[in-house]
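Data block below; observations after.
The values are calculated or read from the model by the stated rules, or taken from the named source; none is laboratory data. Quantities reported herein were computed from a predicted structural model and do not represent experimental measurements. Cβ atoms come from the backbone with ideal geometry, glycine included; neighbour counts cover every protein chain shown. We work out accessible area using only protein heavy atoms, side chains counted, and drop any ligands, DNA or RNA first. Shrake-Rupley method; radii C 1.70, N 1.55, O 1.52, S 1.80 Å.
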Amino acid sequence: MAFRPKQITSYQAEHLSELQGDVSEKAIEYFLTLIPPFNDGDIIHDNACGSGAVTEAIMAKNPPKIHIHATDINPQFVAGVQALSEKNQWPESTAVMSAQKLTFPDNMFTKSITSFAFHCLGDHDEAAKQVYRTLKPGGVAIATVWTSMPHVRALQHAHWRTRGKEGPMPSLLPLEDFTEEDLRAALRVGGFRDISCSEKAFYLKVSDMKRWAQLAWSYLGHLPTGWSQSDEDKWDEAIDDVVEQLKSGDGITTDDRGEVVMKMIAVVAVAKK
Ligand SMILES: C[S@@+](CC[C@H](N)C(=O)[O-])C[C@H]1O[C@@H](n2cnc3c(N)ncnc32)[C@H](O)[C@@H]1O
């Protein structure tokens, strides 16, 4: 079994929710206003669903008779969404599924939503092809990405500080930002021709930065080669460094309640088939 530092948080859906705060929620509420209202018979894909924030936002709108298929590559996240769905009796099916290997038939969904995942799901061209393939002609896809997140630089700093400058970066902390053009390009490769993008800032507020750094490093810090004994030995140093880095910098302020506020910039693409 792969080595895991003893301090690591074993990720469940609720940890992802806590890490994201209400920033995804706010962004999702916003981008749902950019597509046509939900109709009776809508079949919706919540692709790379994470902790189910998209499903939750859709269900909060009291939609008519729709059905949602929520999928993610992470079995813990899917189990969390399944539990949430059963508790709330949502019209939803869940499955562990790679965005690059969707097993749904062609032309199935009236709406397909891939929220804040294209920048971190690996082969985005193949993911876009799958979104296109599974969307009904006349259907609409939403794909959103964060193009600026202040914590990425802080976590990269902790990576270099505890592991040196040589060697690979954690795959979820790439040096190159994912841009609107990258998103458009992936959607074009996928087959979409009618794509419109908009940009909007959202603000993530964190009151307990040490706890947040622990969740962020546990999720985003792992290397393509996995965790090592040295990561365990230097765990506290990494967390303290993240906390220190997030005291100031581009896109970071502190509000009057002493909370750290991080400015995150989202790009929302609405693509029609
Ligand atoms: C930042 S989270 C976003 C979750 C959710 N859509 C939201 O907006 O809150 C990114 C999600 O992509 C999932 N993911 C990463 N690679 C994936 C892949 N190849 N196929 C499917 N899901 C993937 C992760 O497990 C994670 O749940």
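Descriptive notes on the structure:
- In segment 216-243, residue most open to solvent (accessible area, probe 1.4 Å) [restricted to those that are farther than 20 Å from residue 151 by Cα and of a type in the set (D, E, K, R)]: 233
- Flag for residue 191 being out of contact with any helix residue (DSSP H, G or I) (no Cβ under 9 Å at 6 or more places or on another chain) and at positive phi: no
- Complete set of residues in segment 192-213 that are assigned to a loop (DSSP other than H, G, I, E, B), open to solvent by 70 Å² or more (accessible area, probe 1.4 Å) and of a type outside the set (Ser, Thr, Tyr): 193, 208
- Residue 175 meets the conditions (1) closer than 20 Å to residue 148 by Cα; (2) loosely packed, with under 14 Cβ neighbours inside 10 Å; (3) at pLDDT 95 or above in every case but one. The failed one is (3).
- Taking (1) part of a helix (DSSP H, G or I); (2) under 22 Å from residue 5 (Cβ atoms); (3) open to solvent by 70 Å² or more (accessible area, probe 1.4 Å) in turn, residue 189 satisfies each apart from (2).
- Which numbered condition residue 25 misses (of (1) open to solvent by less than 40 Å² (accessible area, probe 1.4 Å); (2) in a helix (DSSP H, G or I); (3) free of Cβ contacts under 8 Å to residues at least 60 places away in the same chain): (1)
- Selected residue (criterion: nearest to the ligand (Cβ to nearest atom)) from residues of segment 32-61 that are surrounded by fewer than 24 Cβ atoms within 10 Å (Cβ to Cβ) and acidic (Asp, Glu): 56
- Members of segment 191-217 found to be closer than 16 Å to residue 21 by Cα and among the polar types (S, T, N, Q), listed by number: 207, 214
- Residue within segment 8-21 that is of a type outside the set (Val, Ile, Thr), open to solvent by 70 Å² or more (accessible area, probe 1.4 Å) and free of Cβ contacts under 8 Å to residues at least 40 places away in the same chain present: no
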